[in-house]
Amino acid sequence: MATNESGSGTRLESSTPGGARGTTTIADNVVSTIAGIAVREADGVHSVGRGPSRALGAVKDKVSGSSDPGRGVKVEVGEKQTAIDVDIVVDYGFPILEAARNIRTHVTDAVETMTGLDVVEININVTDVHLPGSDDDEDDDEDESSGGSSRVQ
């Protein structure tokens, strides 16, 4: 049985034949991390999070030297169930509905297997489409194509 007493985690109580031998508490950010990793593994997903969130996260990652796999994922955890909201950027040319199915399958399998919580809903918000060749290192491409000098005087 899972209980969400504090709003910051879910306590799973053991139901072993010999009686309870303790409790296990799963923090909400654990569920969001599991879901975030599963989303990133799904085909058709270029990145997770909204524009400002991704930009701020990239700066934070460079400063701290680590990434936050739960970025762009919000979870609501109850006693036995969880609901998940995800913001994504899809790869151009990949069918969006297929990407959504992939995300739902990956996230449901990962969260239910690792936590024992039932995933009752996964809301997917597609915020952008990533175009091939429009990576974040466009400045490098411009320097190479113009010989390092400005095109405008």
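The values are calculated or read from the model by the stated rules, or taken from the named source; none is laboratory data. Bear in mind the structure is a predicted one, so any value in this text is a computation, not a measurement. Ideal geometry is used to build each Cβ from the backbone, glycine not excepted, and the neighbour counts take in all protein chains shown. We work out accessible area using only protein heavy atoms, side chains counted, and drop any ligands, DNA or RNA first. Shrake-Rupley method; radii C 1.70, N 1.55, O 1.52, S 1.80 Å.
Say whether the condition of being of a type in the set (Gly, Ala, Ser), farther than 30 Å from residue 34 by Cβ and at pLDDT below 60 is met by at least one residue in segment 134-146. Looking through segment 134-146, at least one residue is of a type in the set (Gly, Ala, Ser), farther than 30 Å from residue 34 by Cβ and at pLDDT below 60. I'd like to check something: does segment 78-94 contain any residue that is at pLDDT 85 or above, over 25 Å from residue 9 (Cα atoms) and of a type in the set (Gly, Ala, Ser)? Yes - at least one qualifying residue is present in segment 78-94.
Within segment 72-82, being in a strand (DSSP E or B) and either open to solvent by 20 Å² or more (accessible area, probe 1.4 Å) or under 16 Å from residue 45 (Cβ atoms) (or both) holds for 73, 74, 75, 76, 81.
I'm told residue 151 meets every condition in (1) modelled with pLDDT under 95; (2) under 30 Å from residue 25 (Cα atoms); (3) in contact with a helix residue (DSSP H, G or I) (Cβ under 9 Å, 6 or more places away or on another chain); (4) not β-branched (Val, Ile, Thr) except one. Can you identify the failing condition by its number? Here residue 151 meets the rest and fails (2).
Each row is one residue, and each column tells you yes or no for (1) of a type outside the set (Ser, Thr, Tyr); (2) open to solvent by 20 Å² or more (accessible area, probe 1.4 Å); (3) assigned to a loop (DSSP other than H, G, I, E, B).
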site	(1), (2), (3)
70	yes, no, yes
99	yes, no, no
108	no, yes, no
112	yes, yes, no
